[in-house]
1. Residue separation times 0.36 nm, minus the C-alpha to C-alpha distance between Thr216 and Asp126: what's the value?
2. First compute the accessible area of segment 224-359 with a 1.4 Å probe, then give the percent of it belonging to carbon and sulfur atoms.
3. For the modelled label position 7 Å from the Cα of Ser269 along Cα-to-Cβ, which residues of segment 320-341 have backbone nitrogen atoms closer than 18 Å?
4. Could I have the simple spin-label model distance between Gln330 and Lys152, label points 7 Å from Cα toward Cβ, reported in nm to one decimal?
5. Going through segment 64-127, which GluC sites (Glu not before Pro) have at most 16 other Cβ atoms within 10 Å and a DSSP loop state?
6. Ignoring ligands, DNA and RNA, what accessible area per residue does the chain give at 1.4 Å, in Å²?
7. Using the scaling law 2.2 N^0.38 Å as the reference, what is the normalised Cα Rg of segment 187-308?
8. Per-residue ellipticity at 222 nm for the chain, helices alone: DSSP H runs ≥ 4 residues times -39500 (n - 2.57), over residue total, nearest 500 deg cm²/dmol?
Amino acid sequence: MTTTSAPTPSIASVGLNCPTPHSTHDCVVLGHGSGGKLSAQLFRERFLPHFDNSVLRQQGDAAVLTVGNSRLAMSTDTFVVQPLEFPGGDIGTLAVHGTVNDIAMMGARPLYLTTGFVIEEGLPMDVLDRVIASMAAAAREQGVTIVAGDTKVVERGKGDGLFINTAGIGLLDADFAPSADQARPDDVILLSGPIGRHGMAIMSAREAIGFDTTITSDTAALWPLVDALRGATAGHVHVLRDPTRGGVASALNEIAAASNTGMMLDEASIPVPPDVLAACEMLGLDPMYVANEGVLVAIVPPEHADVALAALRAHPVGANAVRIGHVVAQHPRMVVMRTHVGGTRIVDMLPGDQLPRIC
């Protein structure tokens, strides 16, 4: 990474808030959209009491539904990233990949998407055209069909350019059903690639940051990796999760809580590209909490770990897959990491909004 001669910006100067773990708020703050503790609190205390049902209570990346003799995965997500176009992708590709990946993390083959566009008056038509075209291309690449949509236009100054919602449906096989509560002691934790690229690519594209970098987003569809894992292990994959908002740290904390197990990580084995690490250090961020859009965590029984790792590495998106730790019975519901210097530290869930508006 190359840096400019401009003074290093402080976290406050670029509009980030200190992630102080407030437990109560009388209004919504950006941290409620972080994918960390505040997001979980918002869901648990505000939404779940009213929407409660056995499917929603699973809190998976997608809902698993039984319809007749078929099992379906259904998911929805809304994308509010700024800028709309960033190194390595745009809001359109992100919308397709995000929902495809949520469905894939349940072990389902993504089939159909719907999309809703909320467009701000004044958005240049050429920007809209590029986003639609890249969104269509991303869907075609994955064999996913966009079957319904909607558009709304809001007044100038009330929409931040463009928001996109996507919903998706996928089909599950009877013999493949990974879920967060299935992690077991001695299971091996695999990571399909380097972390932190999406979040740092977004930050590099924001004018206020003021540093030059070649970091590109890792946004990618993960179904091919999931399909490869299923085939290589004969379905013996306990957990799949794509660590988007809140990063790898928050995703592993969610799995530890759902399965009532502990996680032991090895910091030296977690791949962080040098330019991502340099950007994080400059901004005072921990790459374990930075969002990814083309990486998955797979937790597999130890006897299937080698073949699962080989299956990931055989695909270009997973070429740099590694083992990063294992599941333990000790310290249940807690993630602990052996550090580079030989000590250990607790890796908690993201408490606040380390990076806002990134997906």
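1. Details: separation 90, 0.36 × 90 = 32.40 nm, distance 2.23 nm.
Computed gain between Thr216 and Asp126 is 30.2 nm.
2. Working: 2680 of 4940 Å².
On segment 224-359, the fraction of accessible area on carbon and sulfur atoms equals 54 percent.
3. Backbone N within reach: 320-331, 334-341.
4. 5.2
5. Working: sites: Glu85, Glu120, Glu121; in loops: Glu121.
Counting only loop positions with at most 16 other Cβ atoms within 10 Å, the GluC sites (Glu not before Pro) in segment 64-127 are Glu121.
6. Details: 15920 Å² over 359 residues.
Averaged over the residues of the chain, the accessible area is 44 Å².
7. On the way: Rg = 15.3 Å, N = 122, 2.2 N^0.38 = 13.7 Å.
Working it through for segment 187-308, the quotient is 1.12.
8. On the way: 9 runs with 93 residues, N = 359.
Result for the chain: -7500 deg cm²/dmol, rounded to the nearest 500.
The values are calculated or read from the model by the stated rules, or taken from the named source; none is laboratory data. Note that the coordinates shown come from a computational prediction; the quantities given were computed from them, not determined experimentally. As a convention, Cβ positions derive from the backbone with ideal geometry for all residues, glycine included, and neighbour counts pool all protein chains shown. All accessible areas refer to the heavy atoms of the entire protein, side chains included, with ligands and DNA or RNA removed. Shrake-Rupley method; radii C 1.70, N 1.55, O 1.52, S 1.80 Å.
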